[in-house]
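Engineer: If you scroll down you'll find the structure; I have some questions about it.
Rule-based calculations on the coordinates, nothing more; no lab input. No experiment lies behind these values; they were computed from the predicted model shown. Here Cβ is always computed from backbone atoms with ideal geometry, including for glycine, and neighbour counts include all displayed protein chains.
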Amino acid sequence: MKSRGTHFDDVTNHISSLTRRDFLRVSAVAAALTATGLASVAPSAALAQVPDEIQHMSTDEYAVWHRLMLALLPTKGTTLVDPETLPVLQTVDGAFLATLPPPVLTGLKGGVAYFNEAATEPFGKPFIDLNAQQASQYCDALASSEEVPARALFTALKFLTVTAYWAIPPTWEPVGFQGPVSEVWGLESQGNAPLPQA
Amino acid sequence: MSQHIEIKAHGLDVTEAAAVSQTKFDLTADAVVIGSGAGGAIAAYELAKTGKKVIVLEAGRYVPSSKMSEMTAVSLGSMYADQGGQANAQGDITILQGACVGGSTVVNAALCFRTPDYYFKLWGEKYGLTNLTTEVMTPYFETVEKNLWIKENTAAETSPGAELIKEGLNATDVPIGVAKRNVKNCAMTGFCFAGCKTDRKQSMLVTYLPWAQAHGAEIYADTRVNTITSDNGVANGVTAEIINPDSKEKVADMTVKAPIVVLAAGPIQSPIILMKSGLANSSGQVGKNFACHPSLSLTAEFDEPVNDFVGATHSVYVDEYTLPDDTGVGGFILLNAIEQPVLAGASQNPGTGKPYINLMEKFANTIRLITLLHDKNTGDVSFENGVKTINYTVDDEDFESMKDGLKVNARTLLGAGAAKVFVPTTLSKVIESEADVDPVIDSLRNEKSRYPYTSFHPQGTLRMGADPKQTVVNPMGETHDVKNLYVVDASLLPTSIGYNPSETVFALANYISDKINEAHK
């Protein structure tokens, strides 16, 4: 735990206090949590350009997702594909957010806003403005929090982002996964089974 | 008779929303079957072959095998309940369930077990199901095993990960179970969870549904039943809607008048349909007694690449510790599984950023071994204001069983030569030697949203038994309250059965179908 830096305990304590606020539980893709009374994500620095395909994230929400993607998937210097070259957040948007019932999507948006703002107290700035080390510390603090909503929220956001990344075929080759094989192997369909004999 | 009946070589004739031009269907049949999975398809065939006109209504899409992509993410979106996102209310147990023509049989890994004699005895003693004995049910198991090509894996039907796990089990003197699966000429693509593109898996899509259709059954996809209708305590049909699965817009209303209604929408939807219908709940047990076999996978990292990407999805299991102990607390099954990056990529979190990337860079060096918990029936399914809720958390006693299972699991993987074993908490713990196993696993606490559970086996919710005050369905499969309303899916199970429930459902559906045919000649 010490290796996570001096901010770790501060972050954990801060999350613990904040997550006792008015979270509402919703049934969602993972656990989408909403913090009532929180402002929407405030415009801030480091906003990434929102791709045209994004339909269910505001510009501010996209900035949070984008920063989270970079924190979760720092592939520079590795064999893995840079997530910035892939439609990761378009996949989050189109494959996950688009399928959520409106109340659940609203809850998740509240969770994204909370996730961003809750970094302000320990770090003096929202999540989107944290450097790489701070972002990792913050995420690890949420993941290991004793507060259920904190770790549920982080787990949900991480799940959606990471799953979207690995759903994109170009990410597979560096880990040795070849993708679909039936056509490559020339397999023929067996078709329907014959009627059982009495 | 049967030798003169034509079976389509490939696919089914299914009425889908996209092809519907009329806005109202008023249909009549001898039997309407709600759901086309393990139970519904078997009932459809068994009823249709006696000459009954059968209509099958499936809420999910029709995805013929020729259209299957072998892309797990695509399959989750098109063939699973809630696009693969179905979860308990807490959101920490993903409950994977097929939602397509053929149901979960299309997207499961085809593992089959006969119902152990232990449960038939238990159900007889505790729930009055004295009709369901091993002696009575054995012919049904034999029939479905023959029809669905349920056979033990050959020596070649394995995977690189399974072979390592066998070494680990041998090293720790744990008996190895060889999987039995309903697969014919397995091509070992490892894509069971995405559907079998070349029809090797003998799912309902290529067996009982085409057979039912050959006997005249009609199949409607994209058709969600809203209510079961009845008159003076006797079921007489359903109301339904055909809904475009892409636009979510209603295409048509439907009524089906039928003197036999067979409910097989699965343990989540079947109780909801009864709740919406206001039927069969004098016991107050509709939706209660939910169990789901929550599972956790340990990830083992080896020094060299294993490339556990293709092969038989399931090959080996351990059921040495499955049946309940003297106190009634259930055990666990260990089960190998090929899991591709999109399924396994989010299961471990050794630390945000570089620690995660380091693990995933070595994904080819990793294998997974599932601990599947034989849980108690402590949950329920509710439906209020149009929203379904699965209220279920892992029970404290069950969690201790999970820990026992994780210990055996970790020792197996270490015995196989793993350099590291990752335990999937929200911040993964790492086991690097035998000395770590007990301290690491003992440190786990039963906490919400701490572990990424996955469930493949929802069950319970319409418990079967002799007492109408404690159960929903009678020993013949008919609801206590409503005559001619039958249930043939995994919601019937009075208790969690510890093992994959597919074959139990196959056999029970066949048994109950016989009872229906005896009552409706």
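Engineer: Å³ per residue of the Cα convex hull, for the protein assembly as shown?
Structural biologist: Spread over its residues, the Cα hull of the protein assembly as shown gives 152 Å³ apiece.
Engineer: Another question, if that's okay. In whole Hz, what ³J(HN,Hα) sequence does segment B:184-196 give by Karplus (6.51, -1.76, 1.60; θ = phi - 60°), x for Gly and Pro?
Structural biologist: My calculation for segment B:184-196 gives 10, 6, 3, 8, 6, 7, x, 9, 3, 5, 9, x, 8 Hz in order.
Engineer: Apply the a/c threshold of 1.5 to the C-alpha gyration tensor of segment B:51-106 and tell me whether it is rounded, prolate or oblate.
Structural biologist: oblate
Engineer: Let me ask something additional. Please identify the helices of chain B, taking whole runs of DSSP H, that span at least 24 Å along their own axis as judged from the Cα atoms and have a mean Kyte-Doolittle score of -0.5 or higher.
Structural biologist: Once both thresholds are applied, what remains is B:502-519.
Engineer: For segment B:1-98, what is the relative contact order in percent, using Cα pairs closer than 8 Å and at least 6 residues apart in sequence?
Structural biologist: With pairs under 8 Å counted, the relative contact order is 19 percent.
Engineer: Classify segment B:340-441: rounded, prolate or oblate, from the alpha-carbon gyration tensor (a ≥ b ≥ c, eigenvalue square roots; a/c under 1.5 rounded; otherwise prolate if a/b is larger than b/c)?
Structural biologist: Oblate, since a/c reaches 1.5 and b/c is not below a/b.
Engineer: Could you list B:LYS362, B:LYS146, B:LYS521 in order of exposure, starting from the residue whose Cβ has the fewest other Cβ atoms within 10 Å?
Structural biologist: Ascending number of Cβ neighbours within 10 Å: B:LYS521, B:LYS146, B:LYS362.
Engineer: So what is the relative contact order of segment A:56-170, in percent, for Cα pairs below 8 Å that sit 6 or more residues apart?
Structural biologist: 35
Engineer: Provide the gained length on full extension for the span B:ASP173 to B:ARG445, in nm with one decimal, where the gain is 0.36 nm per separating residue minus the Cα-Cα distance.
Structural biologist: 95.1 nm
Engineer: So for B:ILE176, B:ILE95, fewest C-beta neighbours within 10 Å to most, what's the order?
Structural biologist: B:ILE176, B:ILE95
Engineer: What are the residues whose amide H is under 5 Å from the amide H of B:ILE219, where those residues sit 5 or more places off or on another chain and H is modelled from the backbone?
Structural biologist: Close amide H contacts, sequence-distant or interchain: B:THR15, B:VAL56.
Engineer: Out of the DSSP beta bridges found with both residues in chain B, what percent are antiparallel (nearest 5)?
Structural biologist: So the antiparallel bridges in chain B amount to around 65 percent.
Engineer: Tell me, in nm to one decimal, what length is gained between B:GLU397 and B:GLU135 on full extension, where the rule is 0.36 nm per residue of separation less the Cα-Cα distance?
Structural biologist: This chain segment gains 91.0 nm when fully extended.
Engineer: Treat every Asp and Glu Cβ in chain B as -1 and every Lys and Arg Cβ as +1, leave all other atoms uncharged, and give the resulting dipole magnitude about the Cα centre to the nearest 20 debye.
Structural biologist: Charge dipole of chain B: 1180 debye, to the nearest 20.
Engineer: Give the relative contact order (percent, whole number) for chain B; include only Cα pairs under 8 Å separated by 6+ residues.
Structural biologist: 23
Engineer: Next question. Could you calculate the FRET efficiency of A:ALA132 with A:TRP185 from 1/(1 + (r/R0)^6), where r is the beta carbon distance between them and R0 is 51 Å, rounded to 0.05?
Structural biologist: Using R0 = 51 Å, I get an efficiency of 0.75.
Engineer: Apply the Karplus parameterisation 6.51 cos²θ - 1.76 cosθ + 1.60, with θ equal to phi minus 60°, to every residue of segment A:111-119 and state each ³J(HN,Hα) to the nearest whole Hz, in sequence, with x for glycine and proline.
Structural biologist: Listing the rounded values in order: x, 5, 4, 4, 3, 6, 6, 5, 7 Hz.
Engineer: Given the protein assembly as shown, what percent of its DSSP beta bridges are antiparallel, to the nearest 5?
Structural biologist: 65
Engineer: Ignoring everything except DSSP H segments at least 4 long, calculate the 222 nm mean residue ellipticity for the protein assembly as shown; use -39,500 (n - 2.57) per segment, divide by total residues, nearest 500.
Structural biologist: So the helix-based figure for the protein assembly as shown works out to -9000 deg cm²/dmol.
Engineer: Near the amide H of B:SER297, under 5 Å away, which other amide H atoms are found, from residues 5 or more places off or on another chain, if H is placed in the peptide plane?
Structural biologist: For B:SER297, the qualifying residues are B:THR371.
Engineer: Segment B:367-396 to segment B:260-287: how many Å between their Cα centroids?
Structural biologist: Segment B:367-396 and segment B:260-287 have Cα centres spaced 18 Å from each other.
Engineer: Quick one: length gained pulling B:LYS248 to B:GLU142 fully straight, 0.36 nm per residue minus the C-alpha distance?
Structural biologist: Length gained between B:LYS248 and B:GLU142: 34.0 nm.
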